[in-house]
Ligand SMILES: [Zn+2]
Ligand SMILES: [Zn+2]
């Protein structure tokens with residue numbers, strides 16, 4: 001567990017084209033809330049726009065995630081933000097990322113499927 005939390009390692013959502021990251025959360029937490037004037041987001045009751053969920057330890061779930069991510073190269077630290085989970089986080093019912101997986105919509109029609 002040597003380099004688990006290197007500062008600035010920049011955990012970012014592993015879903016293609018999604019740019020939600022630890023840094024964005026950090027910047028948001030330290031910015032002033034529009035509704036709760038003069039309070040920083042981290043001190044107010046507003047719900048965070050998203051959360052980052054770590055790659056599961058369970059081997060089977062990991063494979064499901066990798067399949068869902070559908071990326072050739074996976075980042076070193078895999079995180080997926082809450083926007084891709086039906087329940088907003090991995091749950092027993094919906095343990096894998098399913099929403100806003102953008103690759104699904106990109107020119108599926110024009111590509112030939114060869115099996
Ligand atoms: Zn607020
Ligand atoms: Zn995301």
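So here's what we get for this one:
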{"read-out": "Segment 28-60 - residue that is more than 16 Å from ligand 2 (Cβ to nearest atom) and not in a loop (DSSP other than H, G, I, E, B) and, of those, surrounded by the most Cβ atoms within 10 Å (Cβ to Cβ)", "value": "41"}
{"read-out": "Neighbours by Cβ (under 6 Å, 6+ apart or cross-chain): first from segment 10-31, over 19 Å from residue 67 (Cα atoms); second in a loop (DSSP other than H, G, I, E, B) and near ligand 2 (Cβ under 10 Å from one of its atoms)", "value": "20/50"}
{"read-out": "Pairs where the first residue, in segment 39-56, is closer than 14 Å to residue 95 by Cα and the second is surrounded by fewer than 16 Cβ atoms within 10 Å (Cβ to Cβ), C-beta under 7 Å, 6+ apart", "value": "53/89; 55/62; 56/62"}
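Values quoted throughout were computed directly from the atomic coordinates according to the rules given, and no laboratory measurement underlies them. Predicted, not measured: the structure shown is a model, and the values here were computed from it. Positions of Cβ are backbone-derived with ideal geometry, glycine not excepted, and every protein chain shown enters the neighbour counts.
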